[in-house]
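I'd like to ask some things about the structure below.
The values are calculated or read from the model by the stated rules, or taken from the named source; none is laboratory data. This one's a predicted model, so the numbers in the text were calculated from it and none came from an experiment. Positions of Cβ are generated from backbone atoms using ideal geometry, with glycine treated the same way; all protein chains shown enter the neighbour counts. These accessible areas exclude ligands, DNA and RNA; they are computed on the full protein's heavy atoms, side chains included. Shrake-Rupley method; radii C 1.70, N 1.55, O 1.52, S 1.80 Å.
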Amino acid sequence: MAEATRYALTGIYGGTFDPIHYGHLRIAEELSDILQLNHLFFLPAGQPRLRNAPLATGEHRLAMLREAICGNDRFSVDDREIRRPGETYSVETLQEIRLEYSTKKLAALCFIIGADAFIKLPCWHHWRDLFELCHLVIVNRPGSVSINDSSALPDELRHACQSRWTGMADELKNWPFGRIFTAPTSLLDISSTKIRNIVTSGKSARYLLPESVLNHIDRHHLYAGEK
Ligand code: ATP
Ligand code: MG
């Protein structure tokens, strides 16, 4: 009997990372194990369409990401959205990455997304195209709806996802794209908004994010006097 095709998985973790924190980092580390990822890229957004502009510049957000992942060879940063002028569309970036991966025959991309961002997926530019480009890996987040209860999803999203849910991480390797998996990762109640507010108010944000990132924030007076 012929061996079933198996795809090697690469994780892509998009976000504004304004700043990166232990919520992001711990999720990325756990997913590297749960999904047995070959590698994971953080993909900081340039100018997102769906939210206010990040407070820190792209250069600062990139520098903080690099500080944060320093010494972890499972992670790297893809800076293409920061380098690109104008608005950022995740779907277009994923199309570009997918094209680069077309030379690697048995490679599949896993786009990692928090529950709060996932329920807003129908607002994304050409969001249904994502299912032809990558798998979606959803992580639950304190304070956001639980993705385990799909009745909490907007109708449009629930229908589009209906036949795509996969119960086991290992099954993602059987498909080149188009499956959705909710990962059993730790619930960490940390957000960049909370950190920015703490820094602005002059209190300590220590232990919510790496010391090296906090030093970068202090050195460059980021988030001081703004919310
Ligand atoms: P902000 O408060 O500025 O929105 P954030 O903490 O949500 O920042 P983002 O850069 O917006 O961070 O998030 C990038 C991705 O990481 C999103 O998909 C988001 O849902 C997810 N994420 C962020 N923090 C966590 C967390 N603590 N647990 C799980 N997912 C998270
Ligand atoms: Mg967010």
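How much solvent-accessible surface does Thr166 expose, in Å² to the nearest 10, with a 1.4 Å probe and all protein chains in place?
For Thr166, the solvent-accessible surface is approximately 10 Å².
Rounded, prolate or oblate: which one fits the stretch 13-110, using the alpha carbon gyration tensor with axes a ≥ b ≥ c (rounded when a/c is under 1.5, else prolate when a/b beats b/c, else oblate)?
oblate
Also, I was wondering about something else. Above 21 Å lies some portion of the pair distances; for the chain, what is it as a whole percent of all C-alpha pairs?
56 percent
Still on this structure, I have one more. Can you give me the solvent accessible area of Tyr22 with a 1.4 Å probe, rounded to the nearest 10 Å²?
Rounded to the nearest 10, the figure is 90 Å².
Right, something else. Arrange the peptides 60-67, 168-175, 202-209 so that the one whose residues have, on average, the most other Cβ atoms within 10 Å appears first.
Answer by packing, highest mean first, reads 60-67, 168-175, 202-209.
If you average the C-alpha positions of the stretch 2-29 and of the stretch 119-176 separately, how far apart do those two centres end up, in angstrom?
Cα centroid of the stretch 2-29 versus Cα centroid of the stretch 119-176: 15 Å apart.
In debye, nearest 20: dipole of the chain around its Cα centre with unit charges on the Cβ of K, R (+) and D, E (-)?
240 debye
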